[in-house]
There are 4 protein chains.
Amino acid sequence: MCRFILYRGAETLMYPLLYDAENGLVAQSKNAQKRKKPLNADGFGLGWYTGHGDPEPATFVNVDPAWSNRNLAMIAGKVPTRHFFAHVRDASVGMPVSQANCHPFSFGRYLFMHNGRLDRFDSFKRALQKELSDEAFGLIEGNTDSEHAFALFMDTLGFKTECTPQQMEQALLHTIEKIMWLRQRAGADTNAFINFAVSDGEHMLATRFNSDHSVQPASLFMAHGVTICNQDGFKLKRAKAGETAAAMICSEPLTAQKSLWQKVERNHLVRSLPDGSLEQVPLALPQQADLRRYW
Amino acid sequence: MCRFILYRGAETLMYPLLYDAENGLVAQSKNAQKRKKPLNADGFGLGWYTGHGDPEPATFVNVDPAWSNRNLAMIAGKVPTRHFFAHVRDASVGMPVSQANCHPFSFGRYLFMHNGRLDRFDSFKRALQKELSDEAFGLIEGNTDSEHAFALFMDTLGFKTECTPQQMEQALLHTIEKIMWLRQRAGADTNAFINFAVSDGEHMLATRFNSDHSVQPASLFMAHGVTICNQDGFKLKRAKAGETAAAMICSEPLTAQKSLWQKVERNHLVRSLPDGSLEQVPLALPQQADLRRYW
Amino acid sequence: MCRFILYRGAETLMYPLLYDAENGLVAQSKNAQKRKKPLNADGFGLGWYTGHGDPEPATFVNVDPAWSNRNLAMIAGKVPTRHFFAHVRDASVGMPVSQANCHPFSFGRYLFMHNGRLDRFDSFKRALQKELSDEAFGLIEGNTDSEHAFALFMDTLGFKTECTPQQMEQALLHTIEKIMWLRQRAGADTNAFINFAVSDGEHMLATRFNSDHSVQPASLFMAHGVTICNQDGFKLKRAKAGETAAAMICSEPLTAQKSLWQKVERNHLVRSLPDGSLEQVPLALPQQADLRRYW
Amino acid sequence: MCRFILYRGAETLMYPLLYDAENGLVAQSKNAQKRKKPLNADGFGLGWYTGHGDPEPATFVNVDPAWSNRNLAMIAGKVPTRHFFAHVRDASVGMPVSQANCHPFSFGRYLFMHNGRLDRFDSFKRALQKELSDEAFGLIEGNTDSEHAFALFMDTLGFKTECTPQQMEQALLHTIEKIMWLRQRAGADTNAFINFAVSDGEHMLATRFNSDHSVQPASLFMAHGVTICNQDGFKLKRAKAGETAAAMICSEPLTAQKSLWQKVERNHLVRSLPDGSLEQVPLALPQQADLRRYW
């Protein structure tokens, strides 16, 4: 089911959010607080925008547990960025531990990652592939539900080199709808956990959604208008006027500062706004009946 | 384009054929003699039949160059077998170095490996997948032409738990035909190098074939009626009456003993016979026109 | 601090003890029951005696978590043995995750593994190395306290090709004494956890020891006179007359069958007896004063 | 024996020098031109100065062949730097393929790498370790001659946080002298190939040296006062007035532009000068007799 972090704001190293924070992502790889199964040790990944004129992000992924990879610590500690994704993976059955299965996935200027699981993926994998253009099909190197969802997203976006925030959000919603529809057609009526995250380097989006309303979706939290203070341990502070603030969307709060972390409600979407803040809105998914538009 | 070994005969460790022979498979991983590009360092694999009542072979694969993997040396030096496959890989473009892309592939009692390349695989990959049953589609974990060919083979064989040598040979020929047909339909008219190897634990088959007659297929050699002598270096000897002989099919001769290694002719198939010997016969592939049977 | 299994008895695959048992070693790699920190995901290793005339064991080690390594499952499921070691590692600080740091260690016919930690190893590592012969020093490829202890053991045993059970036990005790003495000289007065395991292919020994009596040593259990039944899940049964029984020494019981698992008492040593059973005896370590013999 | 690159000059990505140049370092990992054995596929490493106020370089190393590591291509293609080291390794016997054995090595602001081999290292390894301070001894994580040489260098430099170019050069010379002396004492009279490279982030040094004058040392070339042009393939151009030029020291010329690459003479040292250019001077090593100063 994985854990992830999205960050956007003042230039920072990734290290503090991964290693220094009390409940940083590396701690979560070993002992996540908001999952029944605490382990997320089946690989990890970083995706970051370089900020030096190259709109296409870098990714660095590997199959080791995050806690023991010396290169992860090094890159997180030496490469500054204003906008990054980080992910630690807990592999689902049938989706082996391999580099190609590590998040984030990327194409052009887009980064994408998933915390969740599309139950009974095998029952609609071929149908999903059939929906894909050759270009989107050609993106897929591994065999996760997540990477297939990303290919679907790129298709839904029309492989646009650039897009408006509205177009990106619309493509994300339609991707979820199509998945719901594919699942429905395949009779996959168990749960789909869909915490997706996407960015084009400027705007970031994340969802907290699951299809079975009798259980909770995977956890998701956000903080914005804050700055990172890493003097005596990692802490967030409210940004003062004139300071470049940061916005973070995280599977779990990185610190125990309850007043600064806001829960993302179930079946909501978080979007970053032009002023660098975040807002959450209900996920406007159509009723099942309306999925017929895809037939 | 890879290099491989098939062995069947008296119980042996795999080590001598991999490490001790002058042109053993590990030497070929670094410096193959019969290829223009000498390197086969993009992973390796072993498949062996255990001989203790379990008809399903073991496989051991990894992404390192064969020469530096300590576990390969260990397993090759400690596990005895009467029948094994070994493979060193030279990855083709677009088919990354990953465990899932390492040969041999296996299902039930079958082992399969490939030395070659299906040019322009991308142009007919989706069409090939469409031909597969769900079961065969479900076998595929990586993204090589070779693994897709294996899935096609399993389908063509009807996923039989056991089969006659004739059925296995027929399935292999039909697999090649289907590939030729898929290529033809996709307009993939460049070369396909198809040195396939397959076994059910009893009978082994290998082909030496390419579709473009203006160039040579990948090399293939065989030796049979021999015993392995590893006293002062690795040598083959002609088996005496009463000795259990060995049969080997190899991309390259393992030794310089020209009288004991026989070249497999182009567009031929090698089959093992009940007496443990090998014979090669022309590959009875249909004319292009006849591929229409698949339409 | 790690977890391990020693097995000796009727020929078996390793798979049932690693994967099928309710609390098998792979389960312990993710969620050990008898440790405060449940994770042992910093690599793993197998060592097994082949039983076909080769007195020197095979080892297979890697840095992945045991649960996700496809080769481990394969080898455990295909290679039969009468005597094996298996280990899952939880790396101590300063002893990185690498193949060379994975247990078991081996030389000639000996296998050795460690569940524990020599606190403040850095303070006496150089002194320990100084004690080693060139041959023992040359064995060391990694940088764990455990491998250094093994080198010390081989020296203490005089690198004998074969030895009596008494000689092996004596060498193990003296190895512990020397470590205690080296620690004492270096002022390393915090805890040393010394659950060592060693075999020459015939006799197996394991210790449950720590230097600080105010806390418990790492857990250790044993079962003997049993057979493995793996029909409807993994179970042990008491061996009947005439059956080849098995003896196991494990960091944790593999099953909930309390009547069949015996706790090894603190500061005790377990030895296998000629009839295949196990006995535990107090570890006859000299008083601190007597360590002076090493000065 | 390895191959390496040192770069210092105008900000650049590392990718062009590794992948785009005709004889870039990745090409050299597969097919080096100036070595008898063309392969350097036993791991690789990057070390780069970040240029954003952190004087300590980043390193990224792994055990795969450089040509197949997706993270190497990514980092080389996304991280800009004004000063970097890159290395591809050909492992010597007894020095296994592991992350800890990959170059460059680093401590504080220093980067160090080696192209060469200290013959019969085993015969003086312990003596070398005995010469080391605890701090230098504590640096060593692997088991190469090269990393031991780096530990010796750090000691010889007195672990200075900062140093003058003269101090660094002096420490490098004394390191070589000590190695010569250790070899002499051990009777290791076969060849030592010592192409060392070191930097403190400002000044870079490299040696081309071997102890046996009857054969050539490993190759070494340099280019300076140039700019990189990567429009239609990778080329060097002479820098114009006002352009920030680059200086490179490479095991092999990266391009066929003979007029721009200068051979480093045997037993010479290359140093970077304050104006960004390079000069080579004879290595002022003492006569053997003078090594007595170390006794």
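Brief remarks on what is shown
- Based on alpha-carbon atoms, the Kirkwood radius and the radius of gyration of the range D:105-215 give Rg/Rh equal to 0.94.
- Of the whole protein surface, D:Phe209 contributes about 10 Å² of accessible area at a 1.4 Å probe radius.
- Rounded to whole Hz, the Karplus (6.51, -1.76, 1.60) HN-Hα couplings of the range C:270-278, x for glycine and proline: 9, 10, 7, 9, x, 7, x, 8, 10
- Cα point-scatterer Debye curve for the range B:62-103, base-10 log of I(q)/I(0) at q = 0.17 Å⁻¹: -0.55
- Across the range B:55-125, Cα-Cα pairs more than 20 Å apart make up 38 percent of the total.
- The candidates C:Cys229, B:Cys250, arranged from most to least accessible area with a 1.4 Å probe in the full protein assembly, appear as C:Cys229, B:Cys250.
- When D:Lys37, A:Lys36 are compared by accessible area of protein heavy atoms, the largest-first order is A:Lys36, D:Lys37, using a 1.4 Å probe.
- Qualifying trypsin sites (Lys or Arg not before Pro) for the range C:66-166 [loop in DSSP, other Cβ within 10 Å: at most 16]: C:Lys160
- For B:Leu273 and B:Glu243, the difference between the fully extended length at 0.36 nm per residue and the C-alpha to C-alpha distance is 9.1 nm.
- Contact order normalised by residue count of the range D:111-236, Cα under 8 Å, 6+ apart, percent: 29 percent
- Heavy atoms of B:His83 accessible to a 1.4 Å probe, total area in Å² rounded to 10: 10 Å²
- Across the copies of the chain, C:Tyr294 has label points (7 Å from Cα along Cα→Cβ) spaced 3.1, 6.8, 7.1 nm apart, shortest distance listed first.
- For the range C:47-73, the residues whose amide N sits under 13 Å from a probe point set 7 Å from the Cα of C:Asn230 along the beta carbon direction are C:73.
- Working note: Cα gyration tensor of the range D:102-156, eigenvalues times five, square-rooted, sorted largest first, giving semi-axes of 17, 14, 8 Å.
- Going by accessible surface with a 1.4 Å probe and the largest first, B:Val93, D:Val97 read B:Val93, D:Val97.
- Relative contact order for chain C, counting Cα pairs under 8 Å that sit 6 or more residues apart, in percent: 20 percent
- By the Cα gyration tensor, the range D:1-98 has an equivalent ellipsoid whose semi-axes, rounded to whole angstrom, run 23, 15, 12 from largest to smallest.
- Whole-angstrom gap from the range A:1-72 to the range A:205-259, using each part's C-alpha centre: 14 Å
- Amide hydrogen neighbours beyond the local backbone of B:Met204, cut-off 5 Å, H modeled: B:Ser272
- Modelled label positions at A:Glu265 and B:Glu162, each set 7 Å beyond Cα in the direction of Cβ, lie 6.5 nm from each other.
- Total accessible area lost when A and D pair, probe 1.4 Å, Å² to nearest 100: 1600 Å²
- Pairs with C-alpha atoms separated by more than 30 Å, drawn from the list C:Lys30/C:Lys258; D:Lys30/D:Lys160; A:Lys178/D:Lys78; A:Lys36/D:Lys78, are D:Lys30/D:Lys160; A:Lys178/D:Lys78; A:Lys36/D:Lys78.
- For the protein assembly as shown, the dipole from Cβ point charges (+1 on Lys and Arg, -1 on Asp and Glu) about the Cα centre works out to 0 debye, to the nearest 20.
- Each residue of the range A:250-265 was assigned a 3J(HN,Hα) from its phi angle through the Karplus curve 6.51 cos²θ - 1.76 cosθ + 1.60 (θ = phi - 60°); the sequence is 9, 4, 9, x, 7, 9, 8, 7, 4, 6, 9, 9, 10, 6, 8, 6 Hz, with glycine and proline shown as x.
- Value in Å of the Kirkwood radius, where the range A:199-287 supplies the Cα pairs that are averaged: 14.2 Å
- Debye-sum result for chain A in log10 I(q)/I(0), which assumes one identical scatterer on each alpha carbon, at q = 0.08, 0.13 Å⁻¹: -0.30, -0.84
- For the protein assembly as shown: rounded, prolate or oblate by the Cα gyration tensor [a/c cutoff 1.5]: rounded
- Charge dipole magnitude, Cβ of K and R +1, D and E -1 - the range A:3-290, Cα centre, debye nearest 20: 880 debye
- Comparing D:Ser251, D:Tyr110, D:Val97 along the charge dipole axis of the range D:3-290, the residue lying farthest to the positive side is D:Ser251, per the Cβ-charge model.
- Computed helical MRE - 222 nm, chain D, DSSP H runs ≥ 4 contributing -39500 (n - 2.57), nearest 500: -6500 deg cm²/dmol
- Percent of C-alpha pairs per 10 Å bin, the range D:216-259, short to long: 25, 52, 19, 3
- Exposure of D:Asp232 as accessible area (Å², to 10), given a probe of 1.4 Å and all protein chains: 150 Å²
- Sparse-neighbour loop sites [trypsin sites (Lys or Arg not before Pro); the range B:187-295; at most 13 other C-beta within 10 Å; DSSP]: B:Lys240, B:Lys258
- Here the Karplus curve 6.51 cos²θ - 1.76 cosθ + 1.60, taken at θ = phi - 60°, turns the phi angles of the range A:226-233 into couplings of 10, 10, 9, 10, 10, 6, 9, x Hz, with x standing for Gly and Pro.
- Virtual spin-label span in nm between D:Ala73 and A:Gln184, 7 Å along Cα→Cβ: 4.0 nm
The values are calculated or read from the model by the stated rules, or taken from the named source; none is laboratory data. Treat the numbers as computed from the prediction; the structure is a model and nothing was measured. Cβ coordinates were reconstructed from backbone atoms using ideal geometry, including for glycine residues, and neighbour counts include every protein chain displayed. Remember, those area values only see protein heavy atoms, side chains included, never the ligands or the DNA or RNA. Shrake-Rupley method; radii C 1.70, N 1.55, O 1.52, S 1.80 Å.
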